[in-house]
Every structure is written in C-alpha cells, then in structure tokens.
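Novice: This structure is in structure tokens; I'll ask about it shortly.
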Amino acid sequence: MARLILTSPEGQQVVTLAAVNSLGRHPDSSIQILDKIVSKEHCRILLEGKTWVLQDLDSLNGTFLNGARLTGSRPLQHGDEFSLGATRARFEQDGAPPAPAPAPADSAAQRRAPLVPVNTAELQPIRPMGVSVPSGHSGAFTATARKLETFEAAPAVRGPSPVLGGGAGQTLLTAAPSQIDVHKQGHEIGTQIAAQEQGFRPYHQVASNPAQMEADYERLRLSHELSREICLERDLSTLLNKILISMFRFVRADRGVIFLVGDNGELVPGASLRRDGSEAPISVSSTIMNHVMRERASVLTHDAAMDFAGSKGRSMILNRISSAIVAPLMHEKEILGVLWLDSETLARFENRDLEMVTSIAAQAAMFIEITILGKKVEQEIVNRERFSRLLSPNVAEKVLSGEMVIQKGGQLVRDCTVFNSDIRGFTMMSEGASPEALVEMLNEYFELMVETLFKYEGTLDKFMGDGIMALWGAPVVTKDDAVRAVECAIEQMEVLRAFNATRRARKEPALEIGIGIHTGPVVAGYIGSSKALSYTVIGDTANTSARLCGAAGAGEILVSAATLERLGGRFDYQELPPVQLKGKEKPFRLYAIRRSKFAVSVAVAPPSSSRPPSRTER
C-alpha cells in the first residue's frame, strides 16, 4: 500500500493512493489542491506494474520532484518529495523504512497562498423576502428553530419556498430538525469556541513570537481587504453577497449562507453562495445554529456528523455537511444574524480559520448594522416628507418625534371638523383652456391654499379635481379646531383675492371658490390596500361637509349649526334659509360666515348669485 502525506498552509493530511490518482484544482480531481497557481489537471500518480510513477500534465507552474522540475514522468521511491504550488507531498510505501514527516509549511508566502478565485459572474444573489429592517433579539431563536424544522419537512427542491418564494435562480435553504439539547454535545465544540476568544496582544508580548505576529498581520490584512470591498456598499442584499464572496477568498468553504434576524425574531436567509457557482439547494443544521444563537459564540466542527452525533441530525449526513464554521453576526450585544460556512471535506477548517471568520463576522456585522441604520434614516426622510405633505410642518415634527401618535387602522374621532372647498365654474373654465395651462393654474392655486391650511395647523386629506378636503381634530386634536378651520377659510378667501389680482394682470380669468365646514364624529385612520395607504376620514360628517360646499356660492363660507356652536361667538355670521341636502330627511340649517370679530381681515363677500347656488355652475 502506498500513500501521500500532504502538507499545505491549511495543515497536513494522509491520502491512500489508488491505482490512478489525479492531483489538481478541478473538483473532479481525486486529490483536490485548492491553490490558484495549481492547474486544474496538474499531475498524476499511476501504478504501472509494481512501480509508482509521478507524471506532470504540462502544468503551467510545474511539478517539482526532490527540488527539480519534473518533465514527463518519473518513478517514485519511498521518501520522495514533490511539490505543486504551496503544497508539498511525501511519497511513502509499505515495506520501506519509516521516515519523519516533513515539517509544516511556515513561510509567509505559503501561509497566505490565495484560494481558488470565485467567479462572481456565476453567483446567484438571494434577496431577503418580507424583511424590513432586521432587529434581532437574543431570546427569539426557539421559534426560529421550530420554523427551520418546518422547512426541513419539505423536500429540498427548487421552486416556491416558504422562506424565499418562487423565482428563477433562487436557492431553497432548508434546515435539519433540532431534536436534542445541544448543551449535551461533546467537549470538542466548547474547545473550538474558546479558540476564537483570543484577540490582538500587545506588541511586547508577540515581538519574540514570529508565528503570532504573522497571524495577527494576516488578520489585519484580511480585515483591511474586507473593509475595502464592502465599506461603501449601502444596498443590503448586495452587501451580504459581497461579504460571502470575500469570505470565500479567505476561507476554503464550499457553501455559504447569511441569515438575518427579522422583526419577528425569525432567521431569514439574506444571501447564499456556492463555490462551484451552481444553484443546487443549500441545507443548514438548526442544531448547530441553535447552539450558536444560544451561546452567542462561533462553532467550528471538523466532522459535523460525529460532533453532533447525539442530535440524530440525519441532515448533516444526507446533506454532506462535514466541516462547518458557524458564527453569530453580532454588533455590540445584539445578534443581527448568523454566518454559515461549510465544506463536504472532513477537517477542512482549522482553528485559525475560526478566529479569522469570527473576526470578519464581527466586522461584517458592523457594516450590516450601518447599512440597516442607513435604510432607517432613508425611510425616516421619506416618512418626514410624506408627513410634511399631509400635516402642517410643526404637527408633522411632533408626530415624527413621538410626541403625537398616529395609529394605523380606523378609530373613532368624536369631534372632527371637516373642511371642503372647490372652484366655482371650473368645468366651463376647463373647456376653453389647454390641459397644460389648467394643470399649471391648479398647482399655483393649490400651493397658496395648502400653505394657508398648514398655517392654521390643518391636515390635508386629499385633492379631488379642483377641490380640497382638510381636517381639524384628526389626527391631532386641539381645543379650537373649529375656530382654526373657519379662520383658515376666511384667510383663503383673502389669499384668493390677491391671486386673482395677479391673474387679471396676466389677462387670465379670476377664480371663485365655495367652502363648506361641518363638525361631528368620523372614523379616521389609514385606509387602502397593503401597498397604498392614505390617511382619511369617513362618515356622515365628511359627506355633510361636501354637501355644504356644494351649496355654497362663489366667495361663500357655509358652516353647520354643530360647527357654529364651537366658534364661541368669534365670528359675524348670517343664518340662511334651510336647504335640503342629499341624504338628509329634514331641511338643513346653515350659516354664512362674514368676518372675524377679533382679527383684522377683509369681510367675506356675499355670493354674487341668488340662492340657492347650484354645483352645475362649475
């Protein structure tokens, strides 16, 4: 029997030789050498009769036998040494005198030998589905483990998934059922976790230890490279994929997955990657992930099936999870997610890989947190802009700061003043104007009216053609909501007069509006679909306000008796003959507001036409 003792920067292993053995970078090689300067098909070892022969396959960087470059093929003798890239091999044959194994490679160049480059063009990014801004919390993984068990129950096939949904190019992530108390596992896992506790030591402690200085330098170098690759990325999905790509440059993993903790505490896949670029399913073990989440520490397992034998986790064997490094993505004391790296090769990873992955995972978690916070800031800006268009600026500021709360969904508001206005004769005006001129005129008009509305801290509900609907008393309540609404209406009439003066100077027709105001109970809240919500009110009060607006003449402000009661005698008014409003059994009492008794303002002009006015004038 013959064997090779292989020594590489990643460690040492013994391989028993078959009759035909291929060495190279290609995954189909019987002895795979993951080194970028090793050819895909680098060399062969053949048994010809009773003689073992080493054959170079015209490799680019050559095979060196006993220090000399090999040309063609040469017989191997017991104790011969050959090298390809950073890997050295010693040939041994039974029956020959034993010889000491070669010393591990220790040069900086060998220890920093790059891995197989990742073809980023073949990567299939996975975007988090249904995740807003992840906010993890430590005690929520029990439910997560149960959710992962549910995934395991389903066959690992491509297609729609309860985790990711359907779609071409997506990868289904499954997990093994958690059937044991992971605290009963063997002591080796605890040992591997302890290995990652070591940090950087002071210079005077490592100055005489070249190996430790080299290890610290390597960690700093990789940390710098990771920062350079991902520090400017602000898209979360792209960031997660870049982190995995960077990990594959540093660690000899075959598969990688990043999970993020969602708002409900469940782990949601954010990105996945295979070194071979395939789209085959990736399976993970909830036993290991549960352990990592509970202990808040990284796990290195050289042989998952043996280390977690007590778990009866068949998925580790069925899914060929041999070696794995699983690290929590922790920012300060908060777990943002879990990084999973595994290999189908036993003992692929070493303690220094664990230290490196743990260090990089902490750095990656910081960038993930920065990205998440950036998204929150962007959303805050969007919300602020939306509120500023819905509420007066000072009210919007109070809502955004938390001083005032707007509840989603409908709620009863017992005393809301609803304001409606529209332009009289607008239909006739629009028939003789171009659409562009009409839109420009409406924008100028709305700008002035809304500015006045916000001055009196009203809430803009909506624009309806040439009409405006506004609210006082929802979502923010004040003691004088009805008074503010009427004062706003009076000032809008004054602003409109100034606007009309400008229009006349431009040889454009003047605008006239009618306003209706009514106070009463409404149901207020965010109403619409899951994709499009708007804050509004519904109920008879809103309908009655619209009817009063329809009954108002040009330049007239009509209020109901309910609104008049809340004005406290602050305005001069005139009671008009009752009118029959749509939906009302009895004639409705209404009042025309003339002026404010306590403010310097121009009196509101009476309607230019006889009563009752008709909305067909528009």
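Novice: What distance in nm separates the two pseudo spin-label positions at residue 495 and residue 428, each 7 Å out from Cα along the beta-carbon direction?
Specialist: Spacing of the two 7 Å Cα→Cβ label points: 2.7 nm.
Novice: By its C-alpha gyration tensor, with a ≥ b ≥ c as the square roots of the eigenvalues, how is the range 439-555 shaped: rounded for a/c under 1.5, else prolate for a/b larger than b/c, else oblate?
Specialist: Prolate.
Novice: Let me ask you something else. What full-extension length gain, to one decimal in nm, is calculated for residue 373 and residue 446 as 0.36 nm per residue of separation minus the Cα-Cα distance?
Specialist: Answer, rounded to one decimal: 22.7 nm.
Novice: Could you give the length gained by full extension between residue 585 and residue 71, i.e. 0.36 nm per residue of separation minus their alpha carbon distance, to one decimal place?
Specialist: Taking residue 585 through residue 71 to full extension adds about 174.3 nm, to one decimal.
Novice: When a/c reaches 1.5 or more, the comparison of a/b and b/c decides; with that in mind, is the range 323-370 rounded, prolate or oblate per its Cα gyration tensor?
Specialist: prolate
Novice: While we're looking at this one, here's another question. Say each of residue 48 and residue 344 gets a label point 7 Å from the Cα, pointing the same way as Cα to Cβ; how far apart are those two points in nm?
Specialist: According to this spin-label approximation, the distance is 3.2 nm.
Novice: How far is it, in nm, from the label point at residue 94 to the one at residue 19 when both lie 7 Å from their Cα along the line to the Cβ?
Specialist: Calculated label separation equals 1.7 nm.
Novice: Show me the ranking of peptides 337-344, 376-383 by mean Cβ neighbours inside 10 Å, starting with the highest.
Specialist: Packing order, densest peptide first, comes out as 337-344, 376-383.
Novice: Suppose the chain between residue 276 and residue 534 were pulled fully straight at 0.36 nm per residue; how much longer would it get relative to their current alpha carbon spacing?
Specialist: 88.1 nm
Novice: Going through the cross-link list 242/333; 455/586; 455/584, which pairs have a Cα-Cα distance over 28 Å in this structure?
Specialist: 455/586; 455/584
Novice: Additional query: Mind ranking 494-501, 30-37, 541-548 by how tightly packed they are, going by the mean number of other C-beta atoms within 10 angstrom, highest first?
Specialist: Per-residue Cβ counts within 10 Å, averaged per peptide and sorted highest first, yield 541-548, 30-37, 494-501.
Since every read-out is calculated from the coordinates, none of them should be taken as a lab result. Small disclaimer: the values here were computed from a predicted structure and weren't measured. As a convention, Cβ positions derive from the backbone with ideal geometry for all residues, glycine included, and neighbour counts pool all protein chains shown.
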